Amino acid sequence: MALFKKLFNRDKTRNAAETKKPAAAKPSGHQAILNEKDPEQRLSLINAITDESELESLIREANRDIRQQAESVWLSRLAPAGALPSNADDSTLIRIASLTRDDSLAKNAIAKIGDEPARLTLAKEHTLARVRLAAAETVTSESALIDLQKHAQGKDKAVYRHCKDALAAIQAEQAARQQTQDKIDYIRSNAETLLRLGYGPEFTGKVQILQQRWQELEGNVSDFDVTNIPELLSQLERILKAQKEEEQQALALAAEQEEAAKTQETVLAQAQQLLQEFNDDLNAEALESVTTQQAALTTQWTAATEKHPALATQQKQFEHAIADINTVIATLQYLAENADITGTLTPEQARTHLPNVAWPHSVVTPTWFESLRKAAGEKRKAPKPAAPKQDDKDTREKVEGLINELETALEARIVNDAANALKQIHRLNDKLTPKTQNQLQGRLRLLTNQLNELRDWQGFAVTPKKESLCEQMEALIDADIAPDLLADRIKELQTEWKSLGHSNDRDLWQRFQDASDKAFEPCKAHFAEQAEQRGKLVTLREQLIEELRHYEANMDWDSADWKTVQNTLNAARDTFRSYSPVDRSSHQKTQKAFNTVCDAIYAHLKAEYDRNLDQKRALVDAAEAAANSDDMSAAAEQVKKIQQDWKSVGVTPRGPDQKLWNQLRKHADTVFSKLNDARDARKAEINETVATAEAIVETAKQNAATEGMAAIVEARGKLAEIELPKGAHGRLVKALNDVEERLNSERNAAKVAQEQERWDALLGFIESGTQPDAETTLPEGINAEWFAKNRESHDSRESLDASKLCITMEILADIDSPASDKGQRMELQVQRLAEGMGRNLSKHEERNALIKQWLSAEADSDLTQRFVAALKAAI
């Protein structure tokens, strides 16, 4: 009973507290803000605070909503409209950064703090993470960022990440700046080198590269020292311009010389042609025409040779031709004055005229001149006996081929090739017949004149270039250039000198040679050092060879680690190659010795290779046999084992090993392909079986609506006769179970609905006070006979209290009773606890008993409605 008293007293105490609790006094000030639930009213109270320490206390102690409002109020006072006050001190700026949620405002506030050390301290020590991060974002120096990163590591992830990113950006910027500086230094140093060395074969290309690189950099070097680079490039451009002008002048001069040479050849040919046109009909009447042509040829030749003299041979040929023409003109003039010469003359008359006339041997002698000489008694010289005929066909073909080579070389202006061809022609000239010599003489003479002219022009054009080469070579003396680069440059200039051909200026050549020797002096020490280094490398090679010999002689080859042997050989070859360069003779000697000892070591390794290759061939044969097997599952397992055994085989050379491995893979692919085909066939069979089972389940689903559980039972019987994979079997059984569960759910729902209809009918009868007829179905446990009211048989003291029945049903339904019945309800609860300990009635049974009692009780409409409501809650 103590339990009941305690329970009862607790309820009484609570009720008393609820009824007698006095109204609390309305809080004010700090506590009022904490208790206020309305945000607007609370904000108004916060705005009324003037003491900053009280605002600070709210920020420290209050919940999130109050704290945010207090921060907003304080921030609006410190930084109205989000603007930083111009006279704010460091503490105010720090407080603004602490209060604001605007990252930009926080960063601007921190940035206005005096110096970077102060901001660095703030980034390390402030209690708010966002303030530390804002302060960290204002730190810019690399040393401060490194210090802050070390401090934040493991403590402040955001600050550490910012420092890491900022340092990476600084390093990237430094790398980019260094790269730009390297490009500037490259342009400057190469420009200075080119200016020091002067014009050379690669000068133009290198200048173009420097100009291109400068164009790429020019817009991005505002904060770099590039003051002298434009001037250096301008100097290089002036050198290029001067060189171009010089070349253009040389080309113009060459064109003029070529045009003059062509004119000279034409005039010479016309003069020779004029001599060949003289014939037996030439007489005094032709005097004027020949005189006019001779004057014209002389004028043209003078004009053609005024600036560019002809070759000596051509000049001599022209002078001889003009002399012959003048001889003919003088004879024709004498003939015009002494017309009787052409008539019949006595010997005395003929001898009188003959000293006054002459005729060139290169021109056909006219008949009258022959008659004059004959009349004067002058005998003609007997012709020389004809030389015996010679067969020079082969030699002529060779000479003609050489003449063609000579012409080609002259067209290409290659003096050396042309001179060599002419020299060979002269050597073969004695083997030609006079007739062939005469036939080739004109063409050969013309080509010889062209070669002489080319030599003269080349000597004239090349001299300035050779003088320039001398100056460039002299500039290399004591030049601050690496010895290897200096030697290359000297070699370039020497090669260029040779390409200009032979020159008769010995002084110029001696000047160039002396400059070359002096410029090469620094290279001698360098090459001597290189020779000493090559000697050391030879010694290292010899030591390596000796070590390999000792290794080969003392190795226990029966228990050797072959991978180590192979690595040793590879390392030895790499090391030997690294001992380079050496002299050619030393290289050949050491290379031969090295190959010999490596071959001796490799012979042991090859024996191991052969043994391992035999093992792998056996594995390939086994894989091939497995591929031809009928049992693919066993074959697949065998192939897997073969692949494992393959890994355990020792070292093999890569080429043969790869070939055998490809064969093994081919057989393995065959096995697994056949196995996959078998699996696909089995899978297709299983899929067909599963499809059949799925059709059975689908039919059961469709028939369940009409046949009910019979369709499910039938489907389960059919599935039991089919062999299915575990997964498919479980899935289909679950599908049938789901259908069965759905049918049960529908059946249960129908039962519940029917039961609810019965309860609804019962509630209607109770509420209306009517009695059900014989056909009415009532809920389970409810008897229609309970509605027969026979209250007269009950003693008035035993009549049932409808109010208590209502309270009891409310207790059973676990719903509240009216406040006026709370005391009676408490008594009934205590009573029920006492009685219930021996009754052990279920809720269902107790509910039906209350219904039976209610039907025998007297109650008004209000109690009836109250009982019906409690009964509905208890159902």
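The values are calculated or read from the model by the stated rules, or taken from the named source; none is laboratory data. Note that the structure is predicted; figures quoted are calculated from it, not measured. Here the Cβ is made from the backbone with ideal geometry for all residues, glycine too, and neighbour counts use every protein chain on show.
Does LEU675 fit the bill of being at pLDDT 85 or above and assigned to a helix (DSSP H, G or I)?
Spelling it out, it is not the case that LEU675 is at pLDDT 85 or above and assigned to a helix (DSSP H, G or I).
Out of segment 335-351, which residues are in a helix (DSSP H, G or I) and modelled with pLDDT of 80 or more? Spell out how you get there, then give the answer.
Here is the first cut: in segment 335-351, the residues in a helix (DSSP H, G or I) are 335-337, 339-342, 347-351.
If the condition is that a residue be in a helix (DSSP H, G or I) and modelled with pLDDT of 80 or more, then PRO347, GLU348 are the ones that fit.
Counting only residues that are modelled with pLDDT of 80 or more and among the basic types (Lys, Arg), which one in segment 374-413 is farthest from LEU446 (Cα to Cα)?
LYS374
Taking the condition of being loosely packed, with under 13 Cβ neighbours inside 10 Å and part of a helix (DSSP H, G or I), how many residues in segment 548-568 meet it?
8
Which residue, of ASN687, ASN744, ASN676, ASN737, is closer than 24 Å to HIS844 by Cα and either out of contact with any helix residue (DSSP H, G or I) (no Cβ under 7 Å at 6 or more places or on another chain) or of a type in the set (Gly, Ala, Ser) (or both)?
Values: ASN687 fails: closer than 24 Å to HIS844 by Cα; ASN676 fails: closer than 24 Å to HIS844 by Cα; ASN737 fails: closer than 24 Å to HIS844 by Cα.
Only one candidate qualifies: ASN744.
Given the criterion under 30 Å from THR204 (Cβ atoms), of a type outside the set (Asp, Glu) and either touching a helix residue (DSSP H, G or I) at 6+ places or on another chain (Cβ under 9 Å) or part of a helix (DSSP H, G or I) (or both), identify the matching residue among GLN317, GLN257, GLN300. I'd like the intermediate steps shown before the answer.
Working: GLN317 fails: under 30 Å from THR204 (Cβ atoms); GLN300 fails: under 30 Å from THR204 (Cβ atoms).
Exactly one residue qualifies, and that residue is GLN257.
Check segment 588-603 and report whether any residue there is over 30 Å from LEU675 (Cβ atoms), in contact with a Gly (Cβ under 8 Å, 6 or more places away or on another chain) and part of a helix (DSSP H, G or I). I'd like the intermediate steps shown before the answer.
At the first step, the residues of segment 588-603 found to be over 30 Å from LEU675 (Cβ atoms) are 588-603.
Now narrow it down to the ones that are in contact with a Gly (Cβ under 8 Å, 6 or more places away or on another chain): none.
So far as segment 588-603 goes, no, none of its residues is over 30 Å from LEU675 (Cβ atoms), in contact with a Gly (Cβ under 8 Å, 6 or more places away or on another chain) and part of a helix (DSSP H, G or I).
Hey, among LEU93, LEU43, which residue is touching a Leu at 6+ places or on another chain (Cβ under 8 Å) and not aromatic (Phe, Trp, Tyr)?
LEU93
Quick check, is ASP862 modelled with pLDDT of 85 or more, assigned to a helix (DSSP H, G or I) and surrounded by fewer than 18 Cβ atoms within 10 Å (Cβ to Cβ)?
yes
Under 20 Å from CYS806 (Cα atoms), modelled with pLDDT of 85 or more and among the small types (Gly, Ala, Ser) - does that describe any residue in segment 769-782?
No, that holds for no residue.
Of these, LEU287, LEU232, LEU236, which one is in a helix (DSSP H, G or I) and at pLDDT below 85?
Matching residue, one of LEU287, LEU232, LEU236: LEU287.
Across segment 87-97, what is the total count of residues that are at pLDDT 75 or above and within 10 Å of VAL131 (Cα to Cα)?
3
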